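A.B. asks: Sharing a structure here in structure tokens format.
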Amino acid sequence: MTSKFLRSVLAIAVFSMISAWAQTGGAATPSSPSAAAASPAASPTTTGPGTKVGTINVEAAVFGSNEGRRDADALTKKLEPRQNELKSQKEELDGLQKQYDTQGDKLNEDAKATLLKQIETKKKSFERAYQDFQEDGQNQGKEIFARILQKMAPTIVKYAQDNSFQLIVDTSNNWPQSQVLWSGEGVDITKAIVEAYNTSSGVAAPAPTGAPAKVPAKPAAPRPAAPSTTPPK
């Protein structure tokens, strides 16, 4: 749910939501009295007199929170039947390709053409299903992220205000996609924000789950069989 395709959208969402809260002062009232005290302040970087800078991996904070983990697990479970269907389609397609590879030179032209057409038809069907699955998963992942970030933004802003930070930089992307070339662990407030948000949200930690099923890779184009040296039967 949290891979590269989300990052440009997430960066815009982070900037918009957190900036709005900071400008309106909407985060000045804590969601919970203990939210800001859930973790000690990170050691700030001083860039000038009175200027404290911290970093946060917003993507990791959202999906590392109890609520984010719970909702991501629920989405994985929801999509599991489609993952299994994609796996079955891929296995069937691989079987046809293997049949063509091993028997293609023994088939007459009509049988070979029929098998190739069957492979191509099933390949197109699989690719459509695969693309729909990816887009649906991405869209639902974005919705989870945006919804939780909207609620987490006040916690981030309040934590920054309470601990006298003048600047918090998002490190969800690595350089050069991000403007942050390097930052030390001592300035990172991600863990503190996750702990504070978990306290204010009241969402319990989800039970451990098994590793999600792997989505099969896109199939390669059908490989032509080696030319036959004997007349087809």
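A.B. asks: Once the other residues with Cβ under 13 Å from the Cβ of Asn198 are scored (Lys, Arg +1; Asp, Glu -1), what is the net sum?
C.D. replies: Values: positive: Arg69, Arg70, Lys151, Lys191; negative: Glu67, Glu195.
Local net charge: +2.
A.B. asks: Between Thr51 and Lys124, what is 0.36 nm times their sequence separation minus the Cα-Cα distance? Round to one decimal in nm.
C.D. replies: On the way: separation 73, 0.36 × 73 = 26.28 nm, distance 5.67 nm.
Taking 0.36 nm per residue and subtracting the Cα distance, the gain is 20.6 nm.
A.B. asks: Filter the GluC sites (Glu not before Pro) in the stretch 80-186 down to the DSSP loop ones having no more than 12 other Cβ atoms within 10 Å, then list what survives. Present the calculation step by step, with values, prior to reporting the outcome.
C.D. replies: Numbers: sites: Glu85, Glu91, Glu92, Glu109, Glu120, Glu127, Glu135, Glu143, Glu185; in loops: none.
Hits after loop and neighbour filter: nothing returned.
A.B. asks: Please give the net charge around Thr55, taking every other residue with its beta carbon less than 10 angstrom from that of Thr55, where Lys and Arg add +1 and Asp and Glu add -1. Don't skip to the answer; put the middle values down first.
C.D. replies: Numbers: positive: none; negative: Asp170, Glu185, Asp188.
Its environment carries a net charge of -3.
A.B. asks: Additional query: So which of Lys77/Lys112; Lys87/Lys151; Lys87/Lys142; Lys77/Lys191; Lys52/Lys191 end up more than 29 Å apart by C-alpha?
C.D. replies: Details: Lys77/Lys112 40 Å; Lys87/Lys151 36 Å; Lys87/Lys142 24 Å; Lys77/Lys191 26 Å; Lys52/Lys191 18 Å.
Too far apart for the 29 Å limit: Lys77/Lys112; Lys87/Lys151.
A.B. asks: Here's another thing I want to ask about it. Considering only C-alpha atoms, what is the centroid distance from the stretch 87-119 to the stretch 175-207, in Å?
C.D. replies: 50
A.B. asks: Run the simple label-point estimate for Leu167 and Asn84 please: 7 Å along Cα→C-beta, distance reported in nm.
C.D. replies: 5.2
A short reminder: the numbers here are calculations on the coordinates, not readings from a lab. It should be emphasised that the depicted structure is a prediction, and the values quoted were computed from it without experimental measurement. Backbone-built Cβ (ideal geometry, glycine too); neighbour counts: all protein chains shown.
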